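Here is the structure we will look at.
The values are calculated or read from the model by the stated rules, or taken from the named source; none is laboratory data. On a predicted model such as this, the values are computed, not experimentally measured, just so you know. Every residue, glycine as well, gets a Cβ built from its backbone with ideal geometry; the counts of neighbours run over all protein chains shown.
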Amino acid sequence: MVEFDAFDLEHRPDPYPRYRVLRETAPFCPVRLGAARVTVATTYEGCSAVLQGAEWGRGYTEGLNPFRPGVAPGEVPGGSFLGMDPPEHTRLRGLVSRAFTPRASLAEAPFVRLVVDRLLDQAVAAGGLDIVEDLARPLSLAVMCRLLGVPTADGPSLVSWIGGIARGTDPDYLLTPADIVVRTAAARDLGRYLFELAATRRALPRDDLLSRLVTSQRDQEVLTEREVIELCGLLLAAGLDTTANLIANGVLALLRHPDQLALLRERPEILPAAIEEMIRFDPPSQFVTRVALADTTVCGRPFRRGDGVVVLSASGHRDPTAFADPDRFDVTRYAASPPARRHLGFALGTHYCLGAPLARIQAEAAIGALARRGGDLSLVTEDIEYRPNAALRGPRALLVNTPGTAG
């Protein structure tokens, strides 16, 4: 049994050396996290196999999930399809998937670019730029509010609620009792808000996803009010923090590797490939959890029904058997022919991230605009404080000097 400390605060600035220790110990490593004993998938092969395996899922509906011990058998935390397995997961995901197709996401690109330019102009005029609070988070919030039809004036409340929910995405044994209280209260308050907004949209529909959900009918089946609220809450929570962290982590990687920033400026056509490398190198989602829904074997390792696994995809991204020189940040890695192996930043299989196309659009717009504006971008300080989450990785703030703000 390995005492795994990579999620401790002291390692938060750079957990990857600790991931390497775990990866070199075993592809499926039994570890102790607090009072819990769990198995961690550490290699690319192991992580991929669990994510894609039909025998693996979330396990809540069957009362199997060991990562939330306080959840009653059959109960899904938050009720969202993210915690469900087929067929319920398939049904609910299908009702919102059309809003997140690559084509639908591409249609949002002009709006995204306008928001990025406005945010950057405002920051420069104010004399400073925090990538997190002045660009990444307000951009993600604006996009999700537009998509769902949420009034932008309610943004501060949404940010507060989603922050509480996001902290609670870690397995319960990594949380304090206070964290769980905050998560519960935030989910309750967000649910009440969405309940009232859904009632308004049902009476006066608009051209937004929330209106379509409250009035939709598919195969003679209408979404229940609870399902609408839970779906929208999930989309807001997933769309805000993960996308903002993707942008912030990507900018930080470029600023710490100025040769790669220079290369991206010389070859702007590789921007989409560079975004994929940013996700591989320092992913906003470090791990997900899965539960064996049946007895199975992965990479020669047997699992019993109900066994839980932490799929540490961020470790898989640094696996030298899957990626050449994996600790090197290389914006051309996914521009090569053939490109590097697919990263796991958006998961794989049944629970592949629904919002991946929209997240990519936002990251390309934000990071592309910073690169195009030229000048010397630099960190104000190398002392980066990270948010307390273990699963979701991103800095609290990322202050940078720009040509309009330095000095």
Discussion item. Just to be sure I understand the filter: pairs with C-beta atoms under 7 Å, separated by 6 or more residues or on different chains, first member in region 358-383 and modelled with pLDDT of 90 or more, second member among the charged types (D, E, K, R). Which pairs pass?
Written reply: Leu358/Glu108; Ile361/Glu108; Ala365/Arg113; Ala369/Asp117; Ala371/Arg265
Discussion item. Among the listed residues Leu370, Leu344, Leu354, identify the single one that is surrounded by 16 or more Cβ atoms within 10 Å (Cβ to Cβ) and part of a helix (DSSP H, G or I).
Written reply: Leu370
Discussion item. Could you go through region 235-246 and let me know if any residue there is under 17 Å from Arg333 (Cβ atoms) and not charged (D, E, K, R).
Written reply: yes
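Among the listed residues Leu261, Leu252, Leu271, which satisfies the condition of being among the hydrophobic types (A, V, I, L, M, F, W, C) and within 17 Å of Pro13 (Cα to Cα)? Outline the logic, then answer.
On the way: Leu261 fails: within 17 Å of Pro13 (Cα to Cα); Leu271 fails: within 17 Å of Pro13 (Cα to Cα).
Exactly one residue qualifies, and that residue is Leu252.
Which of the residues spanning region 148-191 are small (Gly, Ala, Ser), under 25 Å from Asp8 (Cα atoms) and over 17 Å from the mean Cα position of the chain (by Cα)? Before you say what the answer is, go through the steps one by one.
Applying the first criterion (small (Gly, Ala, Ser)) to region 148-191 yields 149, 153, 155, 157, 160, 163-164, 166, 168, 178, 185-187, 191.
Now restrict to residues that are under 25 Å from Asp8 (Cα atoms): 160, 163-164, 166, 168, 178, 186.
Selection gives Ser160, Ala178, Ala186.
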Worksheet item: Among (1) more than 16 Å from Ile279 (Cα to Cα); (2) crowded, with 21+ Cβ neighbours inside 10 Å; (3) of a type outside the set (Asp, Glu), where does Arg387 come up short?
Response: (2)
Item to complete: Would you mind stating whether Pro339 is out of contact with any Phe, Trp or Tyr (no Cβ under 7 Å at 6 or more places or on another chain) and modelled with pLDDT under 95?
Response: yes
Discussion item. Pairs needed: first member in region 301-313, within 9 Å of Val291 (Cβ to Cβ) and crowded, with 24+ Cβ neighbours inside 10 Å; second member anywhere, at pLDDT below 95 and not small (Gly, Ala, Ser); C-beta distance under 6 Å; at least 6 residues apart or different chains.
Written reply: Val309/Thr39; Val309/Arg290
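With touching a strand residue (DSSP E or B) at 6+ places or on another chain (Cβ under 9 Å) and at pLDDT below 90 as the only criterion, which of Gly128, Gly155, Gly163 stands out? Spell out the reasoning first.
Values: Gly155 fails: touching a strand residue (DSSP E or B) at 6+ places or on another chain (Cβ under 9 Å); Gly163 fails: touching a strand residue (DSSP E or B) at 6+ places or on another chain (Cβ under 9 Å).
None of the others qualify; the one that does is Gly128.
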Item to complete: Run Thr321 past the list (1) assigned to a loop (DSSP other than H, G, I, E, B); (2) crowded, with 18+ Cβ neighbours inside 10 Å; (3) in contact (Cβ under 8 Å) with a residue 24 or more places away in the chain; (4) out of contact with any Leu (no Cβ under 8 Å at 6 or more places or on another chain) and report the number of the one that doesn't hold.
Response: (2)
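Which of the helices (runs of 4 or more DSSP H) found entirely inside region 103-220 contain at least 3 residues meeting this: under 27 Å from Asp383 (Cα atoms) and out of contact with any helix residue (DSSP H, G or I) (no Cβ under 6 Å at 6 or more places or on another chain)?
Working: elements: 109-126, 137-148, 155-167, 177-203, 209-215.
Qualifying helices (runs of 4 or more DSSP H): 109-126, 155-167.
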Discussion item. For region 279-308: of the residues being more than 27 Å from the chain's Cα centre (by Cα) and in a loop (DSSP other than H, G, I, E, B), which is farthest from Asp172 (Cα to Cα)?
Written reply: Gly300
Item to complete: Kindly list the number of the only condition in (1) closer than 30 Å to Glu276 by Cα; (2) surrounded by 20 or more Cβ atoms within 10 Å (Cβ to Cβ) that fails for Val159.
Response: (2)
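Given the criteria among the β-branched types (Val, Ile, Thr), within 21 Å of Trp56 (Cα to Cα) and surrounded by fewer than 18 Cβ atoms within 10 Å (Cβ to Cβ), does Thr332 qualify?
Here the answer is no, as Thr332 does not meet what is asked.
With respect to Phe323, determine if the residue is within 28 Å of Ile131 (Cβ to Cβ) and either touching a Lys or Arg at 6+ places or on another chain (Cβ under 8 Å) or basic (Lys, Arg) (or both).
Working: within 28 Å of Ile131 (Cβ to Cβ): yes; either touching a Lys or Arg at 6+ places or on another chain (Cβ under 8 Å) or basic (Lys, Arg) (or both): yes.
The answer is yes for Phe323.
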Discussion item. Cβ-Cβ distance below 7 Å, separation of 6 or more or different chains: which pairs start in region 125-147 with a residue that is free of Cβ contacts under 8 Å to residues at least 24 places away in the same chain and end on one that is buried (at least 18 other Cβ atoms within 10 Å of the Cβ)?
Written reply: Asp134/Leu119; Asp134/Ala123; Pro138/Leu119
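Residue-by-condition table, conditions (1) crowded, with 23+ Cβ neighbours inside 10 Å; (2) farther than 24 Å from Phe100 by Cα:
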residue	(1), (2)
Leu194	yes, no
Ala199	no, no
Thr215	no, no
Glu227	no, no
Thr242	yes, no
Val251	yes, yes
His257	no, yes
Leu261	no, yes
Ala273	no, no
